[in-house]
1. Does any residue in segment 56-85 that is within 14 Å of residue 45 (Cβ to Cβ) come within less than 7 Å, Cβ to Cβ, of a residue that is part of a helix (DSSP H, G or I) and of a type in the set (Phe, Trp, Tyr) six or more places away or on a different chain, and which pairs are these?
2. Pick from 4, 70: which is assigned to a helix (DSSP H, G or I) and in contact with a His (Cβ under 6 Å, 6 or more places away or on another chain)?
3. If I filter segment 32-48 for residues that are touching a residue at least 40 places away in the same chain (Cβ under 8 Å), in a strand (DSSP E or B) and touching an Asp or Glu at 6+ places or on another chain (Cβ under 9 Å), do I get at least one hit?
4. Could you please find all residues in segment 73-96 being acidic (Asp, Glu) and either open to solvent by less than 100 Å² (accessible area, probe 1.4 Å) or part of a strand (DSSP E or B) (or both)?
5. Just to be sure before I move on: is residue 93 of a type in the set (Val, Ile, Thr), more than 15 Å from the chain's Cα centre (by Cα) and at pLDDT 85 or above in the structure I sent?
6. Listed residues 11, 20, 26; which is farther than 27 Å from residue 109 by Cα, surrounded by fewer than 12 Cβ atoms within 10 Å (Cβ to Cβ) and modelled with pLDDT of 85 or more?
7. Just to be sure I understand, how many residues within segment 97-106 are open to solvent by 50 Å² or more (accessible area, probe 1.4 Å) and either aliphatic (A, V, I, L, M) or farther than 19 Å from residue 47 by Cα (or both)?
8. Please name all residue pairs, on different chains or six or more residues apart, with Cβ atoms under 8 Å, provided the first residue is in segment 1-19 and is within 24 Å of residue 37 (Cα to Cα) and the second residue is loosely packed, with under 10 Cβ neighbours inside 10 Å.
Amino acid sequence: LADNEMEDVVLQLDHRISRLEGALRLDEKVTASRGKIFAASGKKADFHTAVQACKEAGRAVATPRTAGENAAVRRLVKRYDAFAYLGIRESLIPGEFRSLGGAKLNYTHWHVREPSGKGEE
């Protein structure tokens with residue numbers, strides 16, 4: 001495709017994505033923070049199933065890295081009145097948590113006396 005044709009295709013795709021994102025926001029299935037989009041289906045699943053479903057969708061379980069991202073995830077949690085899995089796990093060092101990829105966490109907002117590793121951090 002010529003440059004101008006490619007630009008038209010990109011603009012059309014961007015428009016379609018924006019419309020889809022807008023529809024999902026109206027239905028409160030997605031929320032965003034600083035360009036990142038967080039989504040939830042409301043279906044109950046165990047952690048490994050959730051990780052696999054995200055992976056199959058070409059995405060990952062959310063790992064909030066800012067207060068805004070944490071708030072975006074909390075909006076989905078409130079929408080479905082359920083707990084949410086995060087892309088965080090306890091490392092080999094007890095009491096130390098990392099992203100699923102193994103990176104140290106640069107943002108946390110734990111409840112009092114958490115994390116305990118008991119699932120309600």
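1. Qualifying pairs under 7 Å: 85/47.
2. Numbers: 4 fails: in contact with a His (Cβ under 6 Å, 6 or more places away or on another chain).
Selected residue: 70, the only one of 4, 70 that is assigned to a helix (DSSP H, G or I) and in contact with a His (Cβ under 6 Å, 6 or more places away or on another chain).
3. yes
4. If we filter segment 73-96 for residues that are acidic (Asp, Glu), which is where we start, we get 81, 90, 96.
Answer for segment 73-96, where residues must be acidic (Asp, Glu) and either open to solvent by less than 100 Å² (accessible area, probe 1.4 Å) or part of a strand (DSSP E or B) (or both): 90, 96.
5. Details: of a type in the set (Val, Ile, Thr): yes; more than 15 Å from the chain's Cα centre (by Cα): yes; at pLDDT 85 or above: yes.
Considered against the rule, which asks whether it is of a type in the set (Val, Ile, Thr), more than 15 Å from the chain's Cα centre (by Cα) and at pLDDT 85 or above, residue 93 comes out as yes.
6. On the way: 20 fails: modelled with pLDDT of 85 or more; 26 fails: modelled with pLDDT of 85 or more.
Among 11, 20, 26, only 11 is farther than 27 Å from residue 109 by Cα, surrounded by fewer than 12 Cβ atoms within 10 Å (Cβ to Cβ) and modelled with pLDDT of 85 or more.
7. As a first pass, look at segment 97-106 and keep what is open to solvent by 50 Å² or more (accessible area, probe 1.4 Å): 98, 100-101, 103-104, 106.
Then drop every residue that is not either aliphatic (A, V, I, L, M) or farther than 19 Å from residue 47 by Cα (or both), which leaves 100, 103-104, 106.
Here the count works out to 4.
8. If the second residue must be loosely packed, with under 10 Cβ neighbours inside 10 Å, the pairs left are 9/1.
The values are calculated or read from the model by the stated rules, or taken from the named source; none is laboratory data. Worth saying up front: this structure is predicted, and the values here are computed from it rather than measured. Glycine also receives a Cβ, built like all others from the backbone with ideal geometry; neighbour counts cover every protein chain displayed. Ligands, DNA and RNA are excluded from the accessible area calculation, which covers all protein heavy atoms including side chains. Shrake-Rupley method; radii C 1.70, N 1.55, O 1.52, S 1.80 Å.
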